[in-house]
1. Name the residues in the stretch A:29-54 that are within 13 Å of the ligand (Cβ to nearest atom) and either part of a loop (DSSP other than H, G, I, E, B) or modelled with pLDDT under 95 (or both), would you?
2. Does residue A:9 qualify as being in a loop (DSSP other than H, G, I, E, B), open to solvent by 30 Å² or more (accessible area, probe 1.4 Å) and acidic (Asp, Glu)?
3. Is there a residue being within 21 Å of residue A:80 (Cα to Cα), assigned to a strand (DSSP E or B) and away from chain B (no Cβ under 14 Å) anywhere in the stretch A:292-304?
4. Being open to solvent by less than 10 Å² (accessible area, probe 1.4 Å), part of a strand (DSSP E or B) and within 11 Å of the ligand (Cβ to nearest atom) is the filter here; which residues of the stretch A:55-84 pass it?
5. Checking residue A:16 against (1) of a type in the set (A, V, I, L, M); (2) more than 13 Å from the ligand (Cβ to nearest atom); (3) more than 9 Å from chain B (Cβ to nearest Cβ), which single condition isn't satisfied?
6. Among the residues of the stretch A:187-240, which ones are at pLDDT 95 or above, at positive phi and either part of a loop (DSSP other than H, G, I, E, B) or within 11 Å of another protein chain (Cβ to nearest Cβ) (or both)?
7. Output yes when any residue across the stretch A:490-506 is under 26 Å from residue A:388 (Cβ atoms) and not hydrophobic (A, V, I, L, M, F, W, C), and no when none is.
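The values are calculated or read from the model by the stated rules, or taken from the named source; none is laboratory data. This is a predicted model, so every value here is computed, not measured. As a convention, Cβ positions derive from the backbone with ideal geometry for all residues, glycine included, and neighbour counts pool all protein chains shown. Keep in mind that these areas ignore ligands, DNA and RNA; they rest on the heavy atoms of the full protein, side chains included. Shrake-Rupley method; radii C 1.70, N 1.55, O 1.52, S 1.80 Å.
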Amino acid sequence: MILDTGTVDADVELRADVCVIGSGAGGAVAAAELAEAGYSVVLVEDGPYLHGEDFVQREEVMYPRLYREGGTRATADYTVLVSQGRAVGGSTVVSFCLCVRPPRPLLGYWSRHLGLAGLEHEAMHPFFRRVEKRIGAQRILPEQVNGNSAKLRQGSEKLGYRGYIPLHNRVDCLLTGFCALGCTYDRKGDMLTTYVPAASRAGAVIVPDCEITQVRTDKGRVTGAVGVFRRSRTGTEHALTVTARVVVLAAGAINSPRIWRQSRLPDQADAVGRNLRLQPQVVVTALYPEPVESWKGIPQGYVVDEFLTMGGRSAGSGYLLVPAFAHPVAAASMLPGYGDEHRELMGLYPRLGAIAVLLHDHTRGRLELEEAGPPAVSYRLGGSDEDRLLDALAKAADISFAAGAEKVFLPYNQMVTITKRGAYQPIRDRGVRVNDPLFLSYQPQGTLRMGRDRRKAVVDPNGEAHAVRGLFVADASVFPTSVAVPAQVTVMALATRTAQHIVDHADRYF
Amino acid sequence: MDDRTTLEALRLDLTRRRLLQTGFGGVLLLAFGAVLPSGCARYSPVERSLRFLTRKEFAVVTQAGVRILGLPDSARESLGGSIDGLLVDLPPTSQSQARLMLRVVEHGTILFDLKPRRFTRLTPVEQDAYLRGWMESTLGARRVIFRALKALAALGYYAQTASFAEIGYDGPWIGRIEATGRVAHEVPVDLATVLAARRAS
Ligand SMILES: Cc1cc2nc3c(=O)[nH]c(=O)nc-3n(C[C@H](O)[C@H](O)[C@H](O)COP(=O)(O)OP(=O)(O)OC[C@H]3O[C@@H](n4cnc5c(N)ncnc54)[C@H](O)[C@@H]3O)c2cc1C
């Protein structure tokens, strides 16, 4: 059942076997799996419970409602805009539904070289299978590939680059293209339509509009969590106390470490908030002779993985190229240029297409965590990542030209236009500097990293805190390196595995 | 939109700590912003009634907005109204940061262009040169402010339905298509029901 927090008129105390913090890709999965295994679960979510026609398909309404910090969370120097969902269902509610498993060699590297036995592809396969089935992941049909994705496909095929039509967790999509503002028509297999209702059906209590501020422990064991209702009948901030023997922290890779720090939990490895990977994206825009109407249809219907290089002895390197587009407000704030040239470009909106470079980053950022206030995110792209990124900008431009683009616009503040294939010197000339180009990150990760060695990692290979019995982390924080691909199914699969571990070792916890 | 979510919209979040991280430029801008005048006696009255912006801020944000987005002067009124509506519910800290930003832009002419006249007193050509200076600046903090201004202007203008046709955007589909097969989302229950159910289990 889902609590109507508008009826809360006093402090609330709940008791359960498990308290899950955050209802996104990790938290919702853990909550459903544990509730279905027969445990009593309380799932607490900071964001609101919205669905159906609450998603009104307007940017000025939905960004503030659905995104953390209204969609303006950024790194400390404003170079990377970090987008995360904030609602029941977490970031999956605003996701583009792309389902990509991590490259096999990467899982091999995690397992063999980082000591994460059990995370190799063969062992993880059943967890991925289970997740993909529950969220309805299936390959989209060739006729569902929208104008913008078709351009990426056409250009890369012409140049002989490897790519594919990916799996998506969407069913009978109506192709309206408003995925990033929440699906009005329930066609996404996001957490809101899959695992959250499953958790509820299995008896879990879902508490929206409540920010967990602290995880409680006693003598090295977790005892529950406390939070504060953001919405109530009285208009005041009442407290929520959940007493539980197991707590699953799944508030995302920025807020989970924040809760960790606010709770003064042990950090023997000095790793909490470190190892931050952002998988930063930059977008190259192209002008085509004919309309492509990129905002319509499935936003990311093709993936080019030619430039992702994987080897079993390292985490690999490189980038994916995926289609990208935005509705007018976001497009106008991100498109380059000033004055008339900017207006002219906006006037060409139906003829614009765009390719995003999704970098498999090696740069390690960190969170500056204070006990009060949101963490400051420090992240400055390192040398080799910068080189790869500049290479990627040229590749994206190349593909756009091969697909028939008349012009390509680089993602700088100023209008930097390329009119001829191969004329990419401006990319090298400008390079990367603070806040120019602007990067986006949809998948922060790695800030409570997983590892066997308690001197180096925060949680063990099952997701349990090295230093606190019964406290698990089941979100993108646990990744030891960048996962190289969009992260949702990896988060879900690892959360399934963590839930399975709790069930298999119930006698340790309950 | 409820208060808390609206106030998060457009959180410019130029907090002290963050601006300082953009380097010396940030320190300079902050110190400068703190000593600037905030009165608005010399600004023309605005036709609509404003909920957040002062006359002075209205003048700065709308003049900058139309220059940055290449809009006609006639767009100022609706742009300003829309931005005013968005800023009114911001939390006090963000509101003061927004005010500081607009003040710095208005008076930065002295610091960056050595001009005795403030931004709103410049000719359109001078305003363009000045704002381009922010966009192309070598100081990270100035580029950040330019981006914030541009995002504010984009939100103020391109969220208006009236702007959709001019860029060939067909807007929301709600009401335009029939959607069957919707999920029956669970209706939330009151606290008493939750507590009773928990006790029973
Ligand atoms: C716009 C967008 C598009 C994306 N598209 C794709 C895609 O197509 N494919 C893909 O694989 N990935 C995609 N991603 C990324 C993917 O959604 C994330 O990697 C994934 O959801 C991360 O899961 P998580 O559990 O770590 O965090 P989230 O899913 O973000 O969930 C964390 C939840 O915790 C809640 N929370 C935070 N703090 C607290 C607190 N103190 N108390 C209680 N609750 C709290 C948050 O509100 C949130 O609901 C996209 C992300 C975005 C933002």
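1. A:45, A:46, A:47, A:48, A:49, A:50
2. yes
3. No: zero hits.
4. A:82
5. (3)
6. Across the stretch A:187-240, the qualifying residues are A:203, A:209, A:219, A:220.
7. yes
Here is a yes/no grid of residues against (1) within 8 Å of chain A (Cβ to nearest Cβ); (2) open to solvent by 10 Å² or more (accessible area, probe 1.4 Å); (3) in a helix (DSSP H, G or I):
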| residue | (1), (2), (3) |
| --- | --- |
| B:129 | no, yes, yes |
| B:135 | yes, no, yes |
| B:138 | no, yes, no |
| B:141 | no, no, yes |
| B:147 | yes, yes, yes |
| B:156 | no, no, yes |
| B:164 | yes, yes, yes |
